[in-house]
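The values are calculated or read from the model by the stated rules, or taken from the named source; none is laboratory data. In this text, all values refer to a predicted model and were calculated from it rather than measured experimentally. Cβ sites come from the backbone with ideal geometry, for glycine too, and all protein chains shown count toward neighbours. Only protein heavy atoms, including side chains, enter the accessible area calculation; ligands, DNA and RNA are left aside. Shrake-Rupley method; radii C 1.70, N 1.55, O 1.52, S 1.80 Å.
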Number of protein chains: 2
Amino acid sequence: MALIVQKYGGTSMGSPERIGAVADRVGRARAEGHQVVVVVSAMSGETDRLIKLAKSISARPPAREMDVLLATGEQASIALLAMALAERGVPARSFTGAQVHILTDSAHSKARILDIDDRRLRASLDAGEVAVVAGFQGVDQDGSITTLGRGGSDTTAVALAAALKADECQIYTDVDGVYTTDPRVEPRARRLDRITFEEMLEMASLGAKVLQIRSVEFAGKYKVPLRVLSSFADGPGTLITLEERGVEDPLISGIAFNRDEAQITVAGIPDRPGVASAIFGPIARANIEVDVIVQSIGQDGLTTMSFTVHRNEYPAAMSLLGGIAAELGARSVGGDDQIAKISLVGVGMRSHAGVAATMFDALAAEGINIRMISTSEIKISVIVDEKYVELAVRTLHEAFGLASPAV
Amino acid sequence: MALIVQKYGGTSMGSPERIGAVADRVGRARAEGHQVVVVVSAMSGETDRLIKLAKSISARPPAREMDVLLATGEQASIALLAMALAERGVPARSFTGAQVHILTDSAHSKARILDIDDRRLRASLDAGEVAVVAGFQGVDQDGSITTLGRGGSDTTAVALAAALKADECQIYTDVDGVYTTDPRVEPRARRLDRITFEEMLEMASLGAKVLQIRSVEFAGKYKVPLRVLSSFADGPGTLITLEERGVEDPLISGIAFNRDEAQITVAGIPDRPGVASAIFGPIARANIEVDVIVQSIGQDGLTTMSFTVHRNEYPAAMSLLGGIAAELGARSVGGDDQIAKISLVGVGMRSHAGVAATMFDALAAEGINIRMISTSEIKISVIVDEKYVELAVRTLHEAFGLASPAV
């Protein structure tokens, strides 16, 4: 008998029929002899409906009251799932975030979990019940309702799994696991049986949006075995583990890509101390996030600074830089919002310097020009023209043999 | 400066615009220097929507989970009203039933309030805030969410007013007060400036559905001055008081009527001890409520028992009585579901025996046959054919001079 935490998102809870299917799945896990805690999100569309209602009352509703409103979505879900379980003869009991004492700070709409008192859940499990817990919500020291931000139900599930020392935290979603890359771009993309937390973090932050990144960090920190599965099909999914890889494992686990970037280049800047902060200080103060940064120094004592921002923030960043470049005496400011970032991710590359060379060769062979390069211990990212995204992903998928599973 | 509890029902909270109008009204009371606690119901239609959702999942959803689901309706309302108040510059804070510790028993869907801890509300009022409290809901000793049953928001408002020793509990509704009778039947019906709790109880239980009867009992018990007002128009409404009437006051305050009744007559029963319990025992065990009961004894030692039940329960009651009448050796069982009850209500009638005579004379003059009569200290009810309802109400309204206000 294992203790399992299962999490179902809004799409899985999207209709009475789907809630019934979730109840069937939960019932099977219990019939196999497991103790089950289920974390659920609001029914798909419900959160948007509530936000619209709030906006029709106030352009800037107070964050505390917004949390009170949004928390009703998950509260309805727990009641409905508990009803569906009871209908199937499975004893169940629903709990709001406050009822299981998911204590958070008071940062409404983006609260962080401080502590969980697992006694009520343990009592429910010991009584033979399935405990159905509202995701996304908690309660602060004053007893006010808080929410963890969009996608926070994943975080709730991982936090409960950690508090209960669960054997596994299963995240049910609309894909059946983590893939070597997006199957819509490379049909030969393959589901990974397992991936490390570090790799998953890079994949998630690079736009492979299977899991909320905060929940992956949390699971890694508390060593909670995390599994991503489909709520619509049976299958083993992908296990996210702390295990080190063996030497036989592939160098590369997956290829992530992100089309939402734009590149800005400030060229011909007289090179003196403080150039970087003169450029990035105002950008940061305007709350514009910068991703890849590359600085190159020419022979004439002039330096060139290239970096990427989110495509939505490209116009704001460009208009800021006009003034900054003039003050710095830079020769020109240029930019391009038709670019994309492609990243190879794999813990195996740590000990293999050849990965970068193989990557650059493969792209060059297809005539794909690399505009920027950025590397970390387990990742190599390149910026290319957006039009090359699909070709580059398929080329790299082939070059690193990702279509055939590891031995 | 007074402390006022205001309660707004689902119709008053029915749309973002109406919630805005409620916020305006609350803001005015506060601008007049009052401390205000507001109790709100779910937006009209919301509770029915949630019930439908539950029924699509389970034919008989567990009562505990039904309460978790239904409580979301009022929770959304408190958040939206607090937002609307903030939008108008009025500091406000929302509270669920659990957050203000409205402790109830565990009778889900019809819980009774055991205790209220007023500390959080006092703190909110002392901080200059309007406290916005979810009606209809509480929390039991285990921390489970409970509901007080339909109309329970009135009860919440009265209970909070009692706990806070409020100066007045104002129930805002879609009528502008309590009338001498239904204006749709008698256009000359007149709004009463005041009415006693006892009279209000009789009026409410007789189908004048302005207030939930339990809230009136509660207000009378705890001596909370209660006022019924319109949320759509300004006006003084009707004050429900504990005051005794003066001799100048009218005998009769109002005329209530109820079309939802049916009459059953078991005739020719051999009269012996235990007849009444042989008839009403099985009826009570089938959860059928009996209203008026009249027994008459004939000269032949046979007795006749007549009584009324809710029209919806007439078929069930008739089928039960077939067997019972045979066992008792009764001559016949008959019934009629096209009847209605009309009642004169007024504390003034206690000391005036002539009221009944005036009533019977007035009805006889119009050829209205009285089928049953039932009296209490402050009420006289008659059962008549349903077709006479309007005529009877107008006749009595005229006979007792209700159209012209008291001196």
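Summing Lys, Arg as +1 and Asp, Glu as -1, what charge do residues with Cβ under 15 Å from the Cβ of A:Ala330 carry, A:Ala330 excluded?
-1
Suppose accessible area is computed on protein heavy atoms with a 1.4 Å probe; arrange B:Ser381, A:Ser44 from highest to lowest. Kindly include the intermediate steps, with their values, before the conclusion.
Working: B:Ser381 5, A:Ser44 70 Å².
In descending accessible area the options line up as A:Ser44, B:Ser381.
Helix-only estimate, please: 222 nm mean residue ellipticity of chain B, summing -39500 (n - 2.57) across DSSP H runs of length 4 or more and dividing by its residues, to the nearest 500.
After summing the helix terms and dividing by residue count, I get -10500 deg cm²/dmol.
What are the nm distances, shortest first, from A:Asp118 to its equivalents in the other copies, labels at 7 Å along Cα→Cβ?
Distances between equivalent label points, in nm: 4.3.
Please state, to two decimals, what the Cα-based radius of gyration of region B:3-173 comes to when divided by 2.2 N^0.38 Å (N = residues).
Expressed relative to 2.2 N^0.38 Å, the Cα Rg reads 0.98.
Looking at A:Leu192, A:Thr155, A:Ala166, which one has the Cα that reaches farthest to the positive end of the dipole of region A:154-194 (charges on Cβ: Lys, Arg +1; Asp, Glu -1)?
A:Leu192
In degrees, nearest 10, range 0 to 90: what is the angle between the Cα axis of helix A:354-365 and the longest Cα principal axis of chain A?
Helix A:354-365 and the main axis of chain A meet at about 70 degrees.
In Å², what does the accessible area per residue of chain A work out to with a 1.4 Å probe?
For chain A, the solvent-accessible area averages 42 Å² per residue.
If I take all pairs of Cα atoms in region B:254-399, what percentage of them are more than 22 Å from each other?
Numbers: 4667 of 10585 pairs.
In whole percent, the share of Cα-Cα pairs in region B:254-399 beyond 22 Å is 44.
Accessible area, 1.4 Å probe, largest first: how do A:Arg60, A:Arg272, B:Arg214 sort?
Working: A:Arg60 210, A:Arg272 115, B:Arg214 40 Å².
Order by accessible area, largest first: A:Arg60, A:Arg272, B:Arg214.
In percent, what relative contact order does chain B have, based on Cα pairs under 8 Å that are 6 or more apart in sequence? Don't skip to the end; give the middle numbers.
Working: 861 pairs, mean separation 56.0, N = 407.
Relative contact order of chain B: 14 percent.
With +1 assigned to the C-beta of every Lys and Arg and -1 to the C-beta of every Asp and Glu, and no other charges, what is the dipole magnitude of region A:254-399 about the Cα centre in debye, to the nearest 20?
200
If I take all pairs of Cα atoms in region B:253-313, what percentage of them are more than 18 Å from each other?
41
Using a Gaussian network for chain A with springs between C-alpha atoms less than 10 Å apart, which of these wobbles most: A:Asn369, A:Asn287, A:Asn312?
A:Asn287
How large is the accessible surface of B:Arg30 in square angstrom, using a 1.4 angstrom probe and rounding to the nearest 10?
80
Quick one: if you stick a label point 7 Å off each Cα along the C-beta vector at A:Ile370 and A:Gln295, how many nm between them?
About 2.2 nm, to one decimal.
Between B:Val275, B:Val175, B:Val37, find the one with the highest GNM mean-square fluctuation for chain B; connect C-alpha pairs within less than 10 Å.
Among B:Val275, B:Val175, B:Val37, the largest mean-square fluctuation in the Gaussian network model of chain B belongs to B:Val275.
Antiparallel versus total DSSP beta bridges in the protein assembly as shown: what percent is that, nearest 5?
Here the share of antiparallel DSSP bridges comes out near 65 percent.
So how exposed is B:Tyr222, as accessible area in Å² (1.4 Å probe, rounded to 10)?
Only protein atoms counted, so the area is about 120 Å².
Taking all protein chains in place and a 1.4 Å probe, what share, in percent, of the accessible surface of chain B do carbon and sulfur account for?
50
Which listed residue (A:Gly281, A:Leu396, A:Thr308) has the Cα farthest towards the positive end of the charge dipole for region A:254-399, taking +1 on Lys and Arg C-beta and -1 on Asp and Glu C-beta about the Cα centre?
Result: A:Gly281.
Mean projection of the alpha-carbon convex hull of the protein assembly as shown over all orientations, in nm²?
45.4
Build a GNM of chain A with springs between Cα atoms under 10 Å: which of A:Leu160, A:Leu363, A:Leu114 gets the top mean-square fluctuation?
A:Leu114
Using only the Cα atoms, what convex hull volume per residue in Å³ does chain B have?
Cα convex hull per residue, to the nearest whole number: 164 Å³.
Can you sort B:His101, A:His34 by solvent-accessible area, 1.4 Å probe, largest first?
In descending accessible area the options line up as B:His101, A:His34.
Looking at this model, which pairs from B:Lys165/B:Lys223; A:Lys110/A:Lys165; A:Lys55/B:Lys7; B:Lys7/B:Lys165 are more than 18 angstrom apart at the alpha-carbon?
Pairs exceeding the cut-off: A:Lys110/A:Lys165; A:Lys55/B:Lys7.
Take the Cα atoms of region A:314-365, find their three principal axes, and give me the spread along each one in whole Å, biggest first.
44, 22, 21
With only Lys, Arg, Asp and Glu charged, each at its Cβ (+1 for the first two, -1 for the last two), find how big the charge dipole of region A:3-241 is about the Cα centre; round to the nearest 20 debye.
220
If you count, for every residue in A:94-100, the Cβ atoms of partner chains within 10 Å of its Cβ, what is the mean?
Per residue, the average neighbour count from other chains is 4.
Identify all lysines with a Cα-Cα distance to B:Lys387 below 29 Å; exclude those on the same chain that are fewer than 8 residues away in sequence.
Of all the lysines, those that pass the test against B:Lys387 - Cα under 29 Å, at least 8 places apart if same chain - are B:Lys209, B:Lys341, B:Lys379.
What does the buried accessible surface come to for A and B, summed over both chains, with the probe at 1.4 Å? Round to 100 Å².
For chain A against chain B, roughly 3100 Å² becomes buried.
Mind listing the label-point distances from A:Gly149 to the same position on all other copies, shortest first, one decimal in nm, points 7 Å along Cα→Cβ?
Label-point separations across copies, in nm and ascending: 4.7.
Suppose every K and R has +1 on its Cβ and every D and E has -1 on its Cβ; what is the size of the dipole of the protein assembly as shown about the Cα centre, in Debye to the nearest 20?
With Lys and Arg at +1 and Asp and Glu at -1, about 80 debye.
Taking the rotation that carries B onto A, look along its axis and tell me which residue of B has the beta carbon nearest to it, distance in whole angstrom.
B:Thr72, 2
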